[in-house]
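Engineer: Structure provided below as structure tokens; questions to follow.
The values are calculated or read from the model by the stated rules, or taken from the named source; none is laboratory data. Just so it is clear, the structure is predicted and the values come from calculations on it, not from any experiment. As a convention, Cβ positions derive from the backbone with ideal geometry for all residues, glycine included, and neighbour counts pool all protein chains shown. For the accessible areas, the whole protein counts, side chains as well, though only heavy atoms, and no ligand, DNA or RNA atoms are used. Shrake-Rupley method; radii C 1.70, N 1.55, O 1.52, S 1.80 Å.
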Amino acid sequence: MSRKVRADVDLSAIRHNYRLACAQAPNARAVAIVKANAYGHGAIEVARALESEVPAFGVACIEEALELRAAGIAKPIMLLEGCFDAGELPEVDAQGFWPAVHSEHQLVALEQAQMASVFPVFLKVDTGMHRLGFAPSDVPAAVSRLKALDCVSEVILMTHFARSDEPEQSATKHQIECFEALAGSEGLAACLSNSAAIMAWPGAHRNWLRPGMMLYGATPFMAPQPVADQLLPAMTLSTEIIAIRDVAPGEAVGYGGTFVCERPTRIGTIAMGYGDGYPRHAKNGTPVVVKGRRVPVAGRVSMDMMTIDLTDLPEVEVGDRVELFGKQLPVSEVALWCDTIPYTMVTCLTPRVPRFYSE
Ligand SMILES: *Cc1c(COP(=O)(O)O)cnc(C)c1O
């Protein structure tokens with residue numbers, strides 16, 4: 001009786017992918033990144049599935065960290081961008097959060113705070129992405145100021161790559177060299193690698209890893225890659241066909257009439273749209289899977305529905321399931337058709353899509 005949109009999340013695939021990340025750098029520790037509701041997969045469920053294996057989780061803001069605590073997640077939680085204002089520091093103190101410190105104002109706030117607990121601090125260095133972090137020349141002074149604080153158990157140097165998903169580009173090499181040349185970094189642990197660097201840049205592994213997208217089984221690379229090829233997709237987004245009609249040649253389908261039938265065409269309407277987070281930018285021809293076969297999107301994605309060309313699958317009926325991406329169709333491939341990346345495909349799914357979990 002209900003709309004049949006669903007996202008099935010395979011938690012064992014996420015555990016497999018986490019172990020694959022760890023296996024790339026057996027001497028490093030991997031903070032599982034579960035920001036943005038674990039890239040749309042459900043932060044609480046993902047954190048519960050990984051909690052026994054991880055040293056810590058990573059999130060974008062304290063609200064996300066508090067949501068995990070409220071759900072009973074007890075492991076340390078790293079705040080990738082640190083505190084947005086000093087008012088968050090009492091929660092950092094009380095809850096066992098690990099802050100990043102990327103700017104002078106965060107450093108001053110920590111110096112002025114009355115903290116009772118002791119925690120590691122991730123000092124963020126701008127080695128070339130130019131988004132967050134201290135300039136390399138300012139790092140030695142920031143390190144000594146952090147080391148002088150009673151609440152700081154350890155200073156871990158952190159940086160983030162702008163182009164680690166492009167193995168042929170020298171930008172990552174330059175960022176690694178910049179990091180290695182940091183004055184005052186002797187004896188400090190380092191945390192550099194996102195998913196792409198874990199898979200493609202072994203020179204960036206060091207002590208701590210920050211895998212995000214790879215946990216969810218999507219490749220950040222445009223080309224096949226030996227490690228990425230071993231990832232298991234964690235989410236399968238699917239729905240049902242709710243109507244089928246025959247449309248004559250020359251007739252247009254959907255808003256704007258962007259798909260014009262060139263032959264007698266069997267159009268299936270499915271319950272999925274941009275109101276569910278499926279991208280409106282999906283071009284005509286974007287694949288979906290019905291009964292194990294790929295068929296193309298035909299016509300613009302609307303808010304609650306979209307249309308697909310079933311002409312070549314005459315046996316398909318109303319009520320048959322349609323996979324938008326997942327076990328049979330890599331989300332990265334669909335993302336290309338939508339002029340986007342797998343990251344947005346999964347994080348943009350709306351609460352209207354119920355998530356179902358398997359262990
Ligand atoms: C999101 C994020 C990550 C994870 O990146 P992936 O490409 O998803 O692995 C790592 N580090 C920082 C600072 C991030 O913001």
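Engineer: Scan region 150-189 for residues that are assigned to a strand (DSSP E or B) and not charged (D, E, K, R) and report the count.
Structural biologist: Of the residues in that region, 7 qualify.
Engineer: Evaluate the following for Ile77: is it under 21 Å from the mean Cα position of the chain (by Cα) and more than 16 Å from the ligand (Cβ to nearest atom)? Let's see the steps before the verdict.
Structural biologist: Values: under 21 Å from the mean Cα position of the chain (by Cα): yes; more than 16 Å from the ligand (Cβ to nearest atom): no.
Against the criterion (under 21 Å from the mean Cα position of the chain (by Cα) and more than 16 Å from the ligand (Cβ to nearest atom)), Ile77 does not qualify.
Engineer: Looking only at region 291-304, count every residue that is more than 18 Å from Asp276 (Cβ to Cβ) and hydrophobic (A, V, I, L, M, F, W, C) and tell me the total.
Structural biologist: Final tally of qualifying residues: 2.
Engineer: Could you list all residues from region 177-204 that are open to solvent by less than 20 Å² (accessible area, probe 1.4 Å) and either aromatic (Phe, Trp, Tyr) or within 16 Å of the ligand (Cβ to nearest atom) (or both)?
Structural biologist: The answer is Phe179, Ala189, Ala190, Cys191, Leu192, Ser193, Ser195, Ala196, Ala197, Ile198, Met199, Ala204.
Engineer: On to the next question. Here are the criteria: (1) within 27 Å of Leu329 (Cα to Cα); (2) open to solvent by 70 Å² or more (accessible area, probe 1.4 Å); (3) in the same structural domain as Phe84 (by TED's automatic domain parsing); (4) over 18 Å from the mean Cα position of the chain (by Cα). Tell me which single one Arg19 does not satisfy.
Structural biologist: The one condition Arg19 does not meet is (4).
Engineer: Pick out the one residue from Glu111, Glu168, Glu91 that is modelled with pLDDT under 95 and more than 16 Å from the ligand (Cβ to nearest atom). Break it down into steps so the answer makes sense when it comes.
Structural biologist: On the way: Glu111 fails: modelled with pLDDT under 95; Glu91 fails: modelled with pLDDT under 95.
Of the residues listed, the single one that is modelled with pLDDT under 95 and more than 16 Å from the ligand (Cβ to nearest atom) is Glu168.
Engineer: With open to solvent by 10 Å² or more (accessible area, probe 1.4 Å) and either touching a helix residue (DSSP H, G or I) at 6+ places or on another chain (Cβ under 8 Å) or modelled with pLDDT under 95 (or both) as the only criterion, which of Thr340, Thr347 stands out?
Structural biologist: Thr347
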